[in-house]
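*Asks:* So that we are looking at the same thing, I have put the structure below in structure tokens.
The values are calculated or read from the model by the stated rules, or taken from the named source; none is laboratory data. All figures in this text were calculated on a predicted structure; none of them were measured in a lab. Cβ atoms come from the backbone with ideal geometry, glycine included; neighbour counts cover every protein chain shown.
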Amino acid sequence: MMTKTVTVHDAETQLRELLSFAKEGNEVIIINDDKPLARIVPSLSTDRPRVAGLSKRKFWVSDDFDTPLPNEFWMDPK
């Protein structure tokens with residue numbers, strides 16, 4: 001993976017090219033005042049369909065999951 005560093009101004013003027021660069025599997029770091037501000041990275045692939053049941057029995061949810069929390073939880077104890 002290659003990394004390209006650009007200023008905010010360059011990112012604004014070259015956005016399409018930078019997105020194409022990231023789409024190819026590369027990273028773009030946008031800097032402001034010589035400090036990293038943001039990154040453009042390739043998105044996770046969504047080519048494969050999700051398969052139902054892959055995590056079956058790997059986690060559980062408590063029966064009282066939807067029960068409201070008591071007021072003491074929200075109040076400051078001080």
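Here is a yes/no grid of residues against (1) of a type outside the set (Phe, Trp, Tyr); (2) part of a helix (DSSP H, G or I); (3) surrounded by 10 or more Cβ atoms within 10 Å (Cβ to Cβ):
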{"residue": "1", "(1), (2), (3)": "yes, no, no"}
{"residue": "17", "(1), (2), (3)": "yes, yes, yes"}
{"residue": "21", "(1), (2), (3)": "no, yes, yes"}
{"residue": "37", "(1), (2), (3)": "yes, no, yes"}
{"residue": "42", "(1), (2), (3)": "yes, no, yes"}
{"residue": "51", "(1), (2), (3)": "yes, no, no"}
{"residue": "58", "(1), (2), (3)": "yes, no, no"}
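*Asks:* Only one of these is modelled with pLDDT of 90 or more and exposed (fewer than 10 other Cβ atoms within 10 Å of the Cβ): 66, 47. Name it. Even if it seems obvious, please write down each step before you answer.
*Replies:* Numbers: 47 fails: modelled with pLDDT of 90 or more.
It is 66.
*Asks:* Across the stretch 34-58, what is the total count of residues that are of a type in the set (Lys, Arg) and within 24 Å of residue 17 (Cβ to Cβ)?
*Replies:* Summing the residues that are of a type in the set (Lys, Arg) and within 24 Å of residue 17 (Cβ to Cβ) in the stretch 34-58 gives 2.
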